[in-house]
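These notes concern the structure reproduced below.
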């Protein structure tokens, strides 16, 4: 395993450690791995954002575990070795494909707002919103973590190995230690707020106050003890008792920015099992996660609009399909920004948004030769658009297929890099409440994604599973990246299904994103050449660093192929 990790690190070139600006920026670039061929396997595969996490998942698959079992082991290790991105102090969305039934089920582990939270959570006394970073750092932004409850809910339905067995790889690594990678070092070095509170400062920095160097053996006995308790007593031990007490005490006692989380909020948390959102796309069926994430619905809208155009006949990443993708995206984001939120609190018109007549009408607004500019929602409702505000992009995605052909596509997050910068019992707490709209209403109309007690903030996470015409598994894919996740993931579905690219080549494509504003092209890639032709079509173009973390598995000709994003440190491992 050490050789695997060392090889992965050697592929990376350490990036400059720039300090973030005043707005929320993407998780920092830390170099790019060399181009690689897709990993191949005959029976099972794990693709995750860190070699040690992928190895833990493969170990569980080799022991006879299911895709859900492997997901649990993978996630628990990710929370240790990639603490900036996800962990048991955050939330997650998971899709599971059932090979026997050809069906996809959604598991919702999104965080919830405390019952004491109100629409004024992020407002000053004069009714104006507080600064983004003033909201993020500290206790105010912390929602009830949902990852462990979700994983246990999925395990109760689809686990094969004992719950406690799945914790052993992470416990062992936490006690023995793991080497700090170039990426983790870079993110520690560039973070302005990680040393704000003593627990994180003591863990991530040397005694001299320097970021832990690459190769430092980092041990986390506190995390190991936490996992041992949950392994023995189940997820309820996280939501009740001493662990919950320490989480709540930490959140509520932050000087200057305390939160409203209570032990009752912790104890009442429940993960939810929801029907997946599925829609035909050409001769396949694409399934995404329903609200409270906007990822599934928006991705399906984009694909439904693009179905009106002959993308398979177009050259991959030429100006014509990129223009169409950007226009379809701006139309879908116009609807997303107005209508999508937690469907347990807001009447989300999914049937209308995903209907064939509606999407054909939206497609009819697209001019192949000219941008339509800023798009408007497709119909009126008594809702205001969410105001523009910063958002986090520190997230992790993993895809898994087990020996029985069952698949998992899961995206997990703590929101900003290192979340609220609060560390409890060896893990980081999320700042997911800043995914709510800070402003509850505009022009007398409510914002769908406003803060409400017990509500789940809207997300953009978009774990995706694609099945073929016979209901067989075809593709599992997803990415981190905040609201850019939707564009990252949609492009890879198109690349595999419409252009026939292998999954690794698809993952390595330049990123192109439109969120109903400028069309963003990934800096330092061949996409920059599209800037002029897109401007000629009326696009406002921005060149941006876009650190996706796409991890995908496809089945092609009876074999599994894995793609790991070279922008991060992930690998694909299979048998």
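Take the conditions at pLDDT 95 or above, more than 21 Å from residue 37 (Cα to Cα) and assigned to a strand (DSSP E or B) and apply them to residue 542. Does it pass?
Judged against the criteria, residue 542 is a match.
Quick grid of which residues meet (1) in contact with a strand residue (DSSP E or B) (Cβ under 7 Å, 6 or more places away or on another chain); (2) farther than 18 Å from residue 490 by Cβ; (3) part of a strand (DSSP E or B):
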site	(1), (2), (3)
274	yes, yes, yes
285	yes, no, yes
304	yes, no, no
316	no, no, no
329	yes, no, no
336	no, no, no
Filter segment 472-516 for residues that are in a loop (DSSP other than H, G, I, E, B), over 23 Å from residue 40 (Cβ atoms) and touching a strand residue (DSSP E or B) at 6+ places or on another chain (Cβ under 8 Å) and give the result. 480, 481, 510, 511
Residue 112: within 21 Å of the chain's Cα centre (by Cα) and surrounded by fewer than 24 Cβ atoms within 10 Å (Cβ to Cβ), yes or no? no
Would you mind stating whether residue 87 is part of a loop (DSSP other than H, G, I, E, B), at positive phi and without any contact (Cβ under 8 Å) to a residue 12 or more places away in the chain? no
Quick check on my filter: what residues within segment 222-239 are more than 26 Å from the chain's Cα centre (by Cα), in contact (Cβ under 8 Å) with a residue 24 or more places away in the chain and under 19 Å from residue 69 (Cα atoms)? 228, 232
Hey, can you tell me all the residues within segment 369-403 that are at pLDDT 85 or above and not in a loop (DSSP other than H, G, I, E, B)? 370, 395, 396, 397, 398, 399, 400, 401
With 508, 528 as the choices, which residue is more than 19 Å from the chain's Cα centre (by Cα) and modelled with pLDDT of 95 or more? 528
Residue hits (segment 240-269; in contact (Cβ under 8 Å) with a residue 24 or more places away in the chain, assigned to a helix (DSSP H, G or I) and more than 14 Å from residue 429 (Cβ to Cβ)) are 264, 267
Kindly indicate whether any position in segment 142-150 is at pLDDT 95 or above, within 23 Å of residue 75 (Cα to Cα) and surrounded by fewer than 21 Cβ atoms within 10 Å (Cβ to Cβ). no
Helices (runs of 4 or more DSSP H) within segment 100-191 that include 2 or more residues within 20 Å of residue 451 (Cβ to Cβ): 132-136
Can you find a residue in segment 550-568 that is at pLDDT below 95, under 24 Å from residue 84 (Cα atoms), surrounded by 24 or more Cβ atoms within 10 Å (Cβ to Cβ) and in contact with a helix residue (DSSP H, G or I) (Cβ under 8 Å, 6 or more places away or on another chain)? yes
Would you check if residue 153 is in contact (Cβ under 8 Å) with a residue 40 or more places away in the chain and either touching a strand residue (DSSP E or B) at 6+ places or on another chain (Cβ under 8 Å) or surrounded by fewer than 24 Cβ atoms within 10 Å (Cβ to Cβ) (or both)? yes
Every residue from segment 426-450 that is without any contact (Cβ under 8 Å) to a residue 60 or more places away in the chain, within 16 Å of residue 110 (Cβ to Cβ) and in a loop (DSSP other than H, G, I, E, B): none
Test residue 233 against the stated conditions and say whether it is over 25 Å from residue 569 (Cα atoms) and touching a strand residue (DSSP E or B) at 6+ places or on another chain (Cβ under 6 Å). no
Filter pass, residue 174 being free of Cβ contacts under 8 Å to residues at least 12 places away in the same chain, farther than 20 Å from residue 97 by Cα and out of contact with any strand residue (DSSP E or B) (no Cβ under 9 Å at 6 or more places or on another chain): no
All-but-one check, residue 191 against (1) over 26 Å from residue 416 (Cβ atoms); (2) in contact with a helix residue (DSSP H, G or I) (Cβ under 9 Å, 6 or more places away or on another chain), failing number (1)
Sole exception among (1) crowded, with 21+ Cβ neighbours inside 10 Å; (2) in contact with a helix residue (DSSP H, G or I) (Cβ under 9 Å, 6 or more places away or on another chain); (3) over 23 Å from residue 531 (Cβ atoms); (4) at pLDDT 95 or above for residue 363, by number: (1)
What residue, among those in segment 209-225 that are out of contact with any strand residue (DSSP E or B) (no Cβ under 6 Å at 6 or more places or on another chain) and part of a loop (DSSP other than H, G, I, E, B), is nearest to residue 427 (Cα to Cα)? 220
Given the structure, is residue 181 within 19 Å of residue 52 (Cα to Cα) and buried (at least 18 other Cβ atoms within 10 Å of the Cβ)? yes
Based on what the data block shows, is residue 462 under 27 Å from residue 560 (Cα atoms), surrounded by 24 or more Cβ atoms within 10 Å (Cβ to Cβ), in contact with a strand residue (DSSP E or B) (Cβ under 8 Å, 6 or more places away or on another chain) and free of Cβ contacts under 8 Å to residues at least 60 places away in the same chain? no
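The values are calculated or read from the model by the stated rules, or taken from the named source; none is laboratory data. None of the values given here were measured: they were computed from a predicted structure. Don't worry about glycine lacking a Cβ; one is built from the backbone with ideal geometry, like all the others, and counts go over all protein chains shown.
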